[in-house]
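Undergrad: Quick one: this structure, given as structure tokens, is what I'll be asking you about.
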Amino acid sequence: MKPVERISVLGPIYGREVELVGEDGGTEPFQIAAEFRIGEQMYAGLQTEAMRKEDEVAFFRIVQQDGGEPELESIDDEDEWEDAAEAYDDLLFIGEEQP
């Protein structure tokens, strides 16, 4: 697996939370748990309040078009989602001895 690098793309623009629009058209606040890069691709790990209680994280691809605002895309590919989840776990252990 490629090395994981912490980044900060969403935080400087949105602060600690982003609001995402659900399928029902309503918005829900998500806390930015982590932003990271694997190779050339950027990802964000986001959590709602309910997800934090369950220690769950939703992963999204961060896409930035020629200096425009970053956008979040759903990750539909199971292998890519697993790579993002594994990279997020690796970030939690940076500076600690990994099992």
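Undergrad: For the range 29-70, go through all pairs of different Cα atoms, get the mean of 1/r, take its inverse, and jot down that Kirkwood value in Å.
TA: 11.2 Å
Undergrad: So the label point goes 7 Å from the Cα of LEU91 along Cα→C-beta, right? Which residues of the range 45-60 then have their backbone N under 12 Å from it?
TA: Backbone N within reach: 45-47, 57-60.
Undergrad: Averaged per residue, what accessible surface does the chain expose to a 1.4 Å probe, in Å²?
TA: Counting only protein heavy atoms, the per-residue value for the chain is 68 Å².
Undergrad: Could you give the size of the charge dipole of the chain about its Cα centre, using +1 on the Cβ of each K and R and -1 on the Cβ of each D and E, expressed in debye and rounded to the nearest 20?
TA: Roughly 540 debye, rounded to the nearest 20.
Undergrad: Ignoring ligands, DNA and RNA, please state the percent of accessible area on the chain from carbon and sulfur, probe 1.4 Å.
TA: 42 percent
Undergrad: Right, another one. At 0.36 nm per residue, and after removing the present C-alpha to C-alpha distance, how many nm does the segment from GLU82 to GLU56 gain when stretched out fully?
TA: This chain segment gains 8.0 nm when fully extended.
Undergrad: Oh, and also: Restricting to DSSP loop positions (anything but H, G, I, E, B) with no more than 16 other Cβ atoms inside 10 Å of their own Cβ, which GluC sites (Glu not before Pro) remain in the range 1-72?
TA: Here the sparse-neighbourhood loop sites are GLU23, GLU40, GLU54, GLU56.
Undergrad: If only Cα atoms are counted, what is the Rg of the chain, and what is its Dmax, in Å?
TA: 13.6, 43
Undergrad: Can you tell me the relative contact order of the chain? Whole percent, Cα pairs under 8 Å, sequence separation 6 or more.
TA: 20 percent
Undergrad: Follow-up. Do any trypsin sites (Lys or Arg not before Pro) in the range 10-61 lie in a DSSP loop with no more than 15 other beta carbon atoms within 10 Å, and if so, which?
TA: Qualifying residues, ordered by number: ARG16.
Undergrad: Moving to a separate point now. Would you kindly state how much longer the chain becomes between GLU69 and GLU28 on full extension, computed as 0.36 nm times their sequence separation minus their alpha carbon distance, in nm to one decimal?
TA: The span from GLU69 to GLU28 would gain 12.8 nm if fully extended.
Undergrad: State the answer as a single residue: which of TRP81, GLY68, MET51 lies farthest towards the positive end of the charge dipole of the chain, with beta carbon charges of +1 for Lys and Arg and -1 for Asp and Glu, about the Cα centre.
TA: The Cα lying farthest towards the positive end belongs to GLY68.
The values are calculated or read from the model by the stated rules, or taken from the named source; none is laboratory data. Predicted, not measured: the structure shown is a model, and the values here were computed from it. When we count neighbours, we look across all protein chains shown, and the Cβ atoms used for this are built from the backbone with ideal geometry, even at glycine. Ligands, DNA and RNA are stripped out before the accessible areas are found, and what is left, the full protein with its side chains, is counted by its heavy atoms. Shrake-Rupley method; radii C 1.70, N 1.55, O 1.52, S 1.80 Å.
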